[in-house]
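Worksheet: the structure to be examined is printed underneath.
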Amino acid sequence: MPDALDATPYDALLLLSFGGPEGPDDVVPFLENVTRGRGIPKERLKEVGQHYFLFGGVSPINDQNRALLAALRKDFAEHGLDLPVYWGNRNWAPYLTDTLRDMVRDGRRRILVLATSAYASYSGCRQYRENLAEALATLEQEGLEPPRVDKLRHYFNHPGFVEPMTDGVIEALADLPEDVRDGAHLAFTTHSIPTSAADTSGPVEQHGDGGAYVRQHLDVARLIADAVRERTGVDHPWQLVYQSRSGAPHIPWLEPDICDHLQECHAAGVPAVVMAPIGFVSDHMEVKYDLDTEARAKAEELGLPVRRSATVGADPRFAAAIRDLVVERAAVARGQDVTPCALGTLGPSHHVCPVGCCPARQARPAAAGADSPYA
């Protein structure tokens with residue numbers, strides 16, 4: 001048996017994700033959850049949900065989270081980390097509040113949270129923390145004592161996240177026809193967000209043009225491009241591009257869009273493109289539809305050879321990275337000195353989100369941060 005790893009003071013890990021429909025009848029109720037409070041008519045939601053209906057009304061994300069859960073439990077057991085792993089979603093079953101209620105009834109009092117979003121942004125971090133605060137308030141209203149929750153730091157530059165994506169890019173390049181392979185460009189893709197949200201992402205001192213969100217993605221893209229050059233001997237041009245925009249046309253969002261970028265590459269005589277979705281943990285709907293369906297259709301229309309590299313998903317190296325982050329955060333909670341593992345130029349992210357980090361348009365309570373009402 002391996003030597004036991006120490007997770008104290010934590011007694012559970014919560015995998016916190018977005019959630020997705022698991023059948024045609026789930027699509028509109030799921031979208032109503034996602035857009036709650038925005039007053040979007042049901043008919044419009046049916047239109048928005050068409051890309052889910054193309055896949056039988058099933059988002060891949062829940063099965064991918066089940067695979068990640070299994071990978072985490074396997075890795076923890078093999079390495080002597082005695083920490084149960086639970087799973088809750090923001091927008092579909094298993095719902096976050098229900099999972100936290102189960103955890104409290106199981107006697108869990110100090111919980112670590114792993115969000116399936118690797119980067120700093122309102123939608124990728126603080127909104128998860130707001131959902132946690134809302135769920136904890138619900139438990140309190142039900143007469144249950146809320147547990148203490150802490151969120152694992154951003155893991156965008158952990159080797160266990162970067163290295164599987166690097167392998168994926170190299171495999172995608174190798175799958176291109178030999179006559180266009182060396183000239184292929186790398187399009188590193190992530191979810192577009194409003195420029196105002198990007199500019200205020202991360203701690204206050206990192207706010208500015210693109211904020212931490214853009215800087216973190218650029219650092220990961222550079223890491224992967226450099227590793228590809230070192231391993232293949234070919235220096236592929238690259239660019240950070242965006243996808244999955246969903247906002248009103250008059251509100252500025254991060255650009256260029258992946259489909260516009262493919263058109264620009266074709267016009268410039270680029271022989272091929274590898275799309276690398278570095279902004280996503282798994283091959284969920286934004287990857288399967290926006291890249292594998294929509295962007296691929298644009299490339300076929302242009303006659304431009306494209307390949308899409310894999311996300312980390314349930315890669316054992318990613319599970320090992322989460323184990324490393326759990327042990328690291330537990331040591332910090334015990335007051336021990338640690339040397340966090342991080343690649344690139346930005347260094348490891350903060351363990352506790354500071355006040356003013358990734359602010360919301362309207363102030364709401366957020367757990368697992370310096371401003372948490374549940375410290």
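Bear in mind that the values in this text are calculations on the coordinates, not laboratory data. All of these numbers come straight from a predicted model, not from anything done at the bench. Here the Cβ is made from the backbone with ideal geometry for all residues, glycine too, and neighbour counts use every protein chain on show.
For the range 141-155, take each phi angle, set θ = phi - 60°, evaluate the Karplus expression 6.51 cos²θ - 1.76 cosθ + 1.60, and give the result in whole Hz per residue in order, putting x for glycine and proline.
For the range 141-155, the Karplus-derived couplings read 5, 7, x, 9, 7, x, x, 7, 10, 10, 9, 4, 5, 4, 10 Hz, x marking Gly and Pro.
Per residue of the range 121-129, in order, report the coupling 6.51 cos²θ - 1.76 cosθ + 1.60 (Karplus, θ = phi - 60°) as ³J(HN,Hα) in whole Hz, putting x for Gly and Pro.
5, 4, 6, x, 9, 4, 5, 4, 5
Rg and Dmax in Å for the range 87-196, alpha carbons only: what are they?
Spelled out, the Cα radius of gyration and Dmax of the range 87-196 are 19.6, 67 Å.
Can you tell me which aspartates and glutamates have their Cα less than 12 Å from the Cα of K46? Leave out same-chain residues fewer than eight positions away.
Here the aspartates and glutamates satisfying the reach criterion relative to K46 are D25, D26, E32.
Skipping prolines and chain starts, which residues have an amide H placed within reach, meaning under 5 Å, of the one on L5, given they are 5 or more residues away or on another chain?
For L5, whose amide H was placed from the backbone, the distant partners under 5 Å are L81, D82.
Enumerate the lysines that K298 could reach by cross-link, defined here as Cα to Cα under 22 Å, with residues fewer than 8 away along the same chain left out.
K288
Hey, fewest Cβ within 10 Å first, where do D106, D226 land in order?
Result, fewest neighbours first: D106, D226.
Nearest 0.05, what FRET efficiency do I251 and D98 give at R0 = 25 Å with Cβ-Cβ as r?
0.15
Please compute the contact order of the chain in relative form: average sequence separation of alpha-carbon pairs under 8 Å and at least six residues apart, divided by the residue count, as a percent.
For the chain, the relative contact order is 23 percent.
Checking the a/c ratio against 1.5 first, then a/b against b/c, what shape does the Cα gyration tensor give for the range 1-128?
prolate
Could you go through the range 85-96 in sequence order and give the Karplus-derived ³J(HN,Hα) for each residue, using 6.51 cos²θ - 1.76 cosθ + 1.60 with θ = phi - 60°, rounded to whole Hz, and x for Gly and Pro?
10, 10, 9, x, 10, 6, 10, 7, 4, x, 6, 3
Going by amide H atoms built from the backbone, whose H comes under 5 Å of the H on T189, apart from near neighbours?
Close amide H contacts, sequence-distant or interchain: V241, A276, I278, G279.
Of V273, V113, V312, V34, how do they rank once you tally other Cβ atoms within 10 Å and put the fewest first?
Ordered from fewest to most neighbouring Cβ atoms within 10 Å, V273, V113, V312, V34 come out as V34, V113, V312, V273.
Amide H to amide H, which residues 5 or more places from L14 or on other chains are under 5 Å from it, using H placed in the peptide plane?
Y86, L112, V113, L114
Can you bin the range 159-308 into rounded, prolate or oblate? Criterion: square roots of the alpha carbon gyration tensor eigenvalues sorted a ≥ b ≥ c, rounded for a/c under 1.5, prolate for a/b above b/c, oblate for the rest.
oblate
May I ask you to sort V58, V241 by Cβ crowding, counting other Cβ atoms within 10 Å and putting the fewest first?
Ranking V58, V241 by Cβ neighbours within 10 Å, fewest first, gives V58, V241.
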